[in-house]
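One structure is given below, encoded as structure tokens.
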Amino acid sequence: MAATAPTLTISSKTYSAWSLRGWLMCQLAGLEVTEQTVTNDAANRAELLLLSPSVLVPRLTHGKASVWDTLAIAEYLNEQFPDAGMLPSDTIARAHCRSISGEIHSGFTNLRSALPMNLKVRHETFPVFSGARPDIERIEAIWTECLETYGGPFLFGAKPTIADAMYAPVTTRFVSYAVSVSEPCAAYCRTIADWAPMREWYEAAQAEPEDIIELEVEF
């Protein structure tokens, strides 16, 4: 019997930052996955409960493994594909990469609320809720430190890592809502926008129906 193809359960490509992160992790690992797209209606929620008691997306099925939570997917793939370079080779840089990835995973709630990911909008100006400003400033500080320390164009040097997958949806928010950032950070946003997997995801998002349900958080 042929092995079951790896599957990634995701939601909206237009709105779901977490789905994008999980998909980018698979791209970094070089793992081809079959996408299973679900929406947050009752029927699909019931279906997801059969697959994962926590009802979380993204969710990777790979062989006998069923992995949800974006960072768990990242660490699993890094173990399975150690030569993919998902984390920096240097011990200190690797710890730094894990630290800032964990920070975006668990924080920045005001930014998420004020500037939800939406790949179909592009505002020329947008009033940013003042509560989100500290989040924006902290992200700028993280990016600036990484770009200065490791030389860019990605956060940890010439190649993308788990950290770039984690912060990629933030770059789309800054572009969508015309958030003004320093030129090094703006250049980083352009680097992510030009990253081949991001271009592929963006094109697929444009093809989604306009009435798809907005899903921002892992649910």
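Quick notes on this one:
- Residue match in region 141-148 (condition: touching an Asp or Glu at 6+ places or on another chain (Cβ under 8 Å) and of a type in the set (F, W, Y)): no
- Total residues in region 104-123 satisfying the condition of being surrounded by fewer than 16 Cβ atoms within 10 Å (Cβ to Cβ) and free of Cβ contacts under 8 Å to residues at least 40 places away in the same chain: the figure is 4.
- Residue list for region 64-76, restricted to those being within 15 Å of the chain's Cα centre (by Cα) and either surrounded by 24 or more Cβ atoms within 10 Å (Cβ to Cβ) or assigned to a strand (DSSP E or B) (or both): W68, T70, I73, A74
- Candidates in region 159-209 are the residues that are in contact (Cβ under 8 Å) with a residue 60 or more places away in the chain and not in a helix (DSSP H, G or I); of these, the one that is surrounded by the fewest Cβ atoms within 10 Å (Cβ to Cβ) is K159.
Each reported figure results from applying straightforward, stated rules to the coordinates on display, with no laboratory input. Here the structure is a predicted model, which is why all the values come from computation and not from measurement. Because the Cβ atoms are built from the backbone with ideal geometry, glycine has one as well, and the counts that use them run over all protein chains shown.
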